[in-house]
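FYI, it's all coordinate maths here, none of it is from the lab. On a predicted model such as this, the values are computed, not experimentally measured, just so you know. Reconstructed Cβ throughout: ideal geometry from the backbone, glycine too, with neighbour counts over all protein chains shown.
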Amino acid sequence: PYVPDEVREFIIKHIATVAQIEALLLIGASPEKRWSLRQVAARIYASDAETARALDGLCSGGLLVRREGNFFLDASAENVDMIRKLQEVYARYLIPVTDVIHGKSRREPAAAEFLRAGKYD
């Protein structure tokens, strides 16, 4: 009930880990700034490897752009608006937001196992 439907849908579509949401909110807070992997990792308290996976996923999802080893926000009006909403909800309802992220990761392996077992007829 604390996470509005459009924010929940955004998380389910674009966010796989807490590191991703932290990186997105960090970069989204300064859309004009260019961030190196190490700068992001230091600010979100994650390893370089975890941060690289998070940033790659955000780039693949069309939220960030990577150019010359730096990352920055794809500052479309839609992205900026949704990141603002996400920031507001995350600041007030951290646990419910992380529950959405973790619930998604728990459901995905179960769905994959279900499909592998041939139980989709």
### Query
How far apart, in nm, are two points set 7 Å out from the Cα along the Cα-to-Cβ line at Lys13 and at Lys85?
1.0 nm
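Per the Cauchy relation, a quarter of the hull surface: what is the mean projected area of the convex hull of the alpha carbons in the chain, in nm²?
The orientation-averaged projected area of the Cα hull of the chain comes to 8.7 nm².
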### Summary
Cα-based Rg and Dmax for segment 1-70, in Å, come out at 12.1, 41
### Task
Would you mind calculating the relative contact order of the chain from Cα pairs under 8 angstrom and at least 6 residues apart, reporting the percent as a whole number?
34 percent
### Query
To the nearest 10 degrees, how steep is helix 48-60 against the longest Cα principal axis of the chain, on a 0 to 90 scale?
80 degrees
#### Entry: Arg92/Arg43 FRET efficiency (R0 30 Å; Cβ-Cβ; nearest 0.05)
0.90
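Number of Lys pairs in the chain with C-alpha atoms less than 24 angstrom apart, excluding same-chain neighbours closer than eight positions?
Working: Lys13/Lys85; Lys13/Lys104; Lys33/Lys85; Lys85/Lys104; Lys104/Lys119.
Lysine pairs, 8 or more places apart or on different chains, close enough: 5.
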### Task
Just flag the chymotrypsin sites (Phe, Trp or Tyr not before Pro) in segment 1-76 sitting in loop per DSSP whose Cβ has no more than 10 other Cβ atoms within 10 Å.
Tyr45
